[in-house]
Amino acid sequence: MNKKAFELSINFIVILILSIVIFGFGIKFLSDFMKSVDDITKFTDSDFNANMEKILCDSSERTCIGISRKEIRPNKVGFFTFGVLNTYEERKNFYVDVEQADPYENNPDEIKYRLNNELTLDPNEQDKVVIAVQVPGGTKKGTYVLNVYVCSDESISCGKDSNNRYGTTQKLYVVVP
């Protein structure tokens, strides 16, 4: 066999092996890149909203709401975050309550809510309460407003026209599509 032909065959085989190895590294690099993109897409809307509520309600205000407007479909439950900051010099009990902003025509019991309404906070301590809002089936489309308020003495003295309110009255907007 001719020495030049043998050398040419060996060179061809070496180049073929090198090109297969380089192609394999390219595929591996592309695969790793696509996996990192999938990690970013796993960051869901609920994760985003939870982080936004933490940022929005992490302030020096006495009372605050993370995200005040949510779309809640009938027969579903939505959650709002409500924060209270104790600006008094001593440990205090706070009472959170929710009421309808306006009576709803034709459906007086449409929107239901539930919360743990008592907080005990040390001076300059902030805590959050989750307010669960349920929209029953058959609820008419529209935007419903709930008032959220806090009193810092007794819960029974925290009526609609009470002067014992702590901070400003916050509003929750429940959008029923």
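At a glance:
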item: Subset of region 113-129 (residues that are modelled with pLDDT under 85 and loosely packed, with under 12 Cβ neighbours inside 10 Å); result: ASN116, GLU118
item: Residues (at pLDDT 85 or above and in a loop (DSSP other than H, G, I, E, B)) located in region 76-104; result: ASN86, THR87, TYR88, GLU89, GLU90, ARG91
item: Neighbours by Cβ (under 8 Å, 6+ apart or cross-chain): first from region 111-127, more than 16 Å from THR63 (Cα to Cα); second small (Gly, Ala, Ser) and not in a loop (DSSP other than H, G, I, E, B); result: TYR113/ALA132; ARG114/ALA132
item: Single unsatisfied condition, ARG69 versus (1) within 26 Å of GLY167 (Cβ to Cβ); (2) at pLDDT below 85; (3) exposed (fewer than 15 other Cβ atoms within 10 Å of the Cβ); result: (2)
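The values are calculated or read from the model by the stated rules, or taken from the named source; none is laboratory data. Please read all numbers here as calculations on a predicted model, not as lab measurements. Glycine gets a Cβ as well: all are built from the backbone with ideal geometry, and neighbour counts include every protein chain shown.
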